[in-house]
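Have a look at the structure below, then the notes.
Each value in this text was obtained by applying a stated rule to the coordinates, not by laboratory testing. Please read these numbers as outputs of a predicted model, since none were measured by experiment. Cβ coordinates were reconstructed from backbone atoms using ideal geometry, including for glycine residues, and neighbour counts include every protein chain displayed.
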Amino acid sequence: MAASEESLRKALAVKLSAVEAHGNAVRALKAAKASKPEIDAAIEALNNLKLEKSSIEKQLQAAVSGGDGDGALSREAFRQAAVNTLERRLFYIPSFKIYRGVAGLYDYGPPGCAVKSNVLAFWRQHFVLEENMLEVDCPCVTPEVVLKASGHVEKFTDLMVKDEKTGTCYRADHLLKDFCNEKLQKDLTISAEKAAELKHVLATLDDLSAEALGAKIKEYGITAPDTKNPLSDPYPFNLMFQTSIGPSGLSPGYMRPETAQGIFVNFKDLYYYNGNKLPFAAAQIGQAFRNEISPRQGLLRVREFTLAEIEHFVDPEDKSHPKYFEVAGLEFLMFPREEQMSGQSAKKICLGDAVSKGIVNNETLGYFIGRVYLFLTRLGIDKDRLRFRQHLANEMAHYAADCWDAEIECSYGWIECVGIADRSAYDLRAHSEKSGVPLVAAEKFSEPREVEKLVIAPVKKELGLAFKGNQKNVVEALEAMNEKEALEMKAALESKGEVEFYVCTLGKNVPIKKNMVSISKEKKKEHQRVFTPSVIEPSFGIGRIIYCLFEHSFYTRPSKAGDEQLNVFRFPPLVAPIKCTVFPLVQNQQYEDVAKVISKSLTAAGISHKIDITGTSIGKRYARTDELGVPFAITVDSTKDVTIRERDSKLQVRVSVEEAASVVKSVTDGHRTWEDVWEKFPHHTSGSADD
Ligand code: AMP
């Protein structure tokens with residue numbers, strides 16, 4: 001807990017008991033019919049104490065809501081303003097709205113589609129092109145066998161609780177999270193110790209088992225939010241949408257919950273396509289489906305969303321990365337496991353230090369963390385509201401070597417937007433076992449290497465005589481021994497002549513004699529090393545990134561007359577849905593013709609734009625385009641020169657009609673900055689065009 005918050009909670013507790021004691025004293029004086037001046041003095045002292053108490057309450061409220069005393073309120077108000085603008089301008093809207101919509105399903109409208117397509121184009125450029133990744137596009141409908149092998153059928157669950165009377169379902173961890181947040185933010189009377197406990201629960205929420213979660217819900221007396229009815233114990237609910245492939249109903253399938261499995265099952269072909277060389281990465285952009293228990297928070301938790309995933313395959317014995325040095329010097333907010341467990345906050349760490357100290361498991365994982373940081377900040381995510389949080393021990397799958405989430409802070413708190421995980425060899429091993437197709441890579445030796453190999457040779461005749469129908473089970477168990485077990489058996493057989501051996505498929509020990517198995521080490525020449533590659537997986541929730549980008553870009557500014565607040569999205573040109581608008585200053589054929597000429601040049605230059613020839617005032621037209629985040633506006637006010645206005649500074653330069661399109665193109669393509677343009681071209685000085 002922040003020191004100021006802790007000390008404020010302590011100070012408030014002291015003041016509260018002082019107010020109570022003084023209140024009692026005043027009542028006692030009145031009961032004892034004390035003199036008026038005496039009672040008045042006591043009341044004045046009480047009022048002073050009450051004033052001091054409310055001043056501490058205000059400071060504490062500000063500390064817990066992270067701003068001024070109205071922090072929580074202004075966050076809500078900010079979100080309302082942003083979301084109203086987003087929905088009114090059709091960035092996104094609830095799907096099937098005329099039928100009252102379905103929770104967790106949203107449509108992107110025209111500007112939303114344009115932003116999404118810009119984000120995906122930049123993703124392809126920043127990752128696929130930069131690393132020569134192999135992009136694939138696999139079906140959403142996936143046969144059950146694939147998701148059984150990956151573990152999703154058994155384990156892709158969230159813990160759910162039910163209202164015991166109405167049957168309404170809730171996500172158990174969300175109820176606990178809401179309870180803790182609400183207590184911390186609204187109940188200023190809780191002790192510093194209680195506040196620290198609630199914060200610890202929040203920090204370790206993802207680490208809690210079903211039992212621990214259930215126990216906390218009971219301990220805090222949490223009930224169903226809508227009815228206050230008691231809740232069931234938490235139990236797992238599988239998030240996959242089930243379907244059936246073909247008309248027979250005999251072939252079960254699921255809508256994929258992630259795109260990654262499509263890449264894993266194609267590993268053999270992709271490896272061959274890559275010239276049987278490691279490392280390489282495959283990438284896929286596509287829809288993923290998760291039947292979320294109680295979706296809320298708009299685009300942040302939906303039931304169908306776009307994922308962009310990378311599976312980078314690497315030799316588990318060499319997780320270095322040739323381009324690691326390019327990102328090692330970056331410094332940004334990181335939140336390692338240790339800091340979370342001890343109640344500290346995220347801090348700025350140099351990525352290279354985090355890797356060299358072993359906080360980040362390996363160079364390749366570090367490389368992708370750095371690349372994700374660059375991707376998000378170049379899109380326009382505020383670097384001070386972006387942190388990389390390491391998974392807690394229980395939060396991470398048992399097979400994973402290390403996991404970090406890129407979390408972005410928005411009005412809903414810190415949101416996981418990109419998961420970056422070293423999944424070791426788990427997925428390829430699982431699909432090799434289930435399909436029988438070895439998904440492995442080989443390192444060819446330049447010179448054959450002599451290696452000692454363990455050879456286990458069961459003597460089938462002796463085993464048959466001894467174990468009859470169980471012979472096959474015993475043979476398989478002997479052959480499956482690892483080197484350590486086999487060498488221990490060899491030593492025991494040599495000293496004692498017989499050992500007890502556990503055969504798991506029989507569920508019992510059997511006696512193995514010296515003549516039943518030969519165990520030896522033989523020298524062999526090997527030309528290659530065959531192994532299952534490890535995979536490092538950055539997985540991007542595109543909708544979450546876009547929503548956070550919307551919030552980080554949104555602001556309001558007063559209109560010229562000061563009578564209303566105008567909405568603006570400060571999208572960088574890279575993601576802006578439309579790069580430029582063209583306005584004739586007044587309705588006039590000559591100006592409209594010039595606008596058409598400029599529009600033609602913009603089209604030829606590949607710049608998305610819009611002509612606005614409505615008779616509305618220029619100020620209103622600017623306000624309309626600012627609300628869509630259009631970075632530049634060309635106003636035609638002569639047939640020779642035009643003005644170009646930049647959205648955020650509202651500064652304008654004069655440029656010839658012929659040059660207008662190329663100037664806008666050079667800035668939107670990032671070949672020069674607006675500052676360069678401002679230096680080079682004459683300024684438009686007749687006041688702000690908004691006037
Ligand atoms: P996961 O496989 O659970 O790590 O999810 C990968 C990424 O998908 C996360 O980092 C999120 O950005 C995104 N994501 C997961 N679930 C949802 C959801 N219900 N709605 C929107 N995005 C999601």
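What is the gain in length, in nm to one decimal, between Glu197 and Asn238 on full extension, counting 0.36 nm per residue of separation less the C-alpha to C-alpha distance? Show your work: numbers first, answer last.
Values: separation 41, 0.36 × 41 = 14.76 nm, distance 3.06 nm.
Stretched fully, the Glu197-Asn238 segment lengthens by 11.7 nm.
Could you check the simple spin-label distance between Arg88 and Glu500, using points 7 Å along Cα→Cβ, in nm with one decimal?
Inter-label distance under the simple model: 8.0 nm.
Determine, from the Cβ-Cβ distance of Ala442 and Ala103 and an R0 of 60 Å, the FRET efficiency 1/(1 + (r/R0)^6), rounded to the nearest 0.05. Intermediate values should be presented prior to the final figure.
On the way: r = 49 Å, r/R0 = 0.82.
Once the sixth-power term is evaluated, E becomes 0.75.
Shape call for region 578-684 from the C-alpha gyration tensor, a ≥ b ≥ c root eigenvalues: rounded (a/c under 1.5), prolate (a/b greater than b/c) or oblate? Don't skip to the end; give the middle numbers.
Details: a/c = 1.37, a/b = 1.24, b/c = 1.11.
Rounded is the answer for region 578-684, as its axis ratio a/c remains below 1.5.
Provide the FRET efficiency to the nearest 0.05 for the Gln185-Asn394 pair, computing r from the beta carbons and using R0 = 30 Å.
Working: r = 27 Å, r/R0 = 0.89.
According to the calculation, E is roughly 0.65.
What is the gain in length, in nm to one decimal, between Lys33 and Thr377 on full extension, counting 0.36 nm per residue of separation less the C-alpha to C-alpha distance?
Working: separation 344, 0.36 × 344 = 123.84 nm, distance 7.02 nm.
Additional length available on full extension: 116.8 nm.
Compute the separation of the alpha-carbon centres of region 653-685 and region 140-189 and state it in Å as a whole number.
Each part reduced to its Cα centre gives a spacing of 52 Å.
Where does each of 226-238, 579-591 land if you order them by average Cβ count within 10 Å, highest first?
Numbers: 226-238: 15.5, 579-591: 18.6.
Going from most to least packed, we get 579-591, 226-238.
Say R0 is 51 Å: what FRET efficiency, to the nearest 0.05, do Cys138 and Ser617 get from their beta-carbon distance?
Efficiency for this residue pair is about 0.50.
Would you pull out the residues with amide H under 5 Å of Thr243's amide H, same chain only if 5 or more places away, H placed 1.01 Å from N?
When sequence neighbours closer than 5 places are left aside, the close amide H contacts are Gly253, Tyr254, Met255.
Quick one: which of 375-387, 192-204 comes out on top by average Cβ neighbours within 10 Å, and what's the full order, highest first? It would help to have the intermediate numbers written out before the result.
Details: 375-387: 18.5, 192-204: 16.5.
So the peptides 375-387, 192-204, ranked by packing, come out 375-387, 192-204.
Taking only C-alpha pairs under 8 Å that are 6+ residues apart, what is the relative contact order of region 449-531 in percent?
Working: 100 pairs, mean separation 39.2, N = 83.
Once divided by the residue count of region 449-531, the mean separation gives 47 percent.
Two decimals, Cα atoms only, Kirkwood Rh: what is Rg/Rh over region 411-516? Show your work: numbers first, answer last.
Details: Rg = 21.4 Å, Rh = 17.9 Å.
Rounded to two decimals, Rg/Rh equals 1.20.
Measure up Lys165/Lys194; Lys183/Lys216; Lys50/Lys194; Lys183/Lys218 against 22 Å on the Cα-Cα distance and list the ones that go over.
Correct reply: Lys165/Lys194; Lys50/Lys194.
What is the gain in length, in nm to one decimal, between Lys680 and Lys218 on full extension, counting 0.36 nm per residue of separation less the C-alpha to C-alpha distance? Before the final figure, lay out each step's value.
Working: separation 462, 0.36 × 462 = 166.32 nm, distance 6.80 nm.
Gain on stretching Lys680 to Lys218: 159.5 nm.
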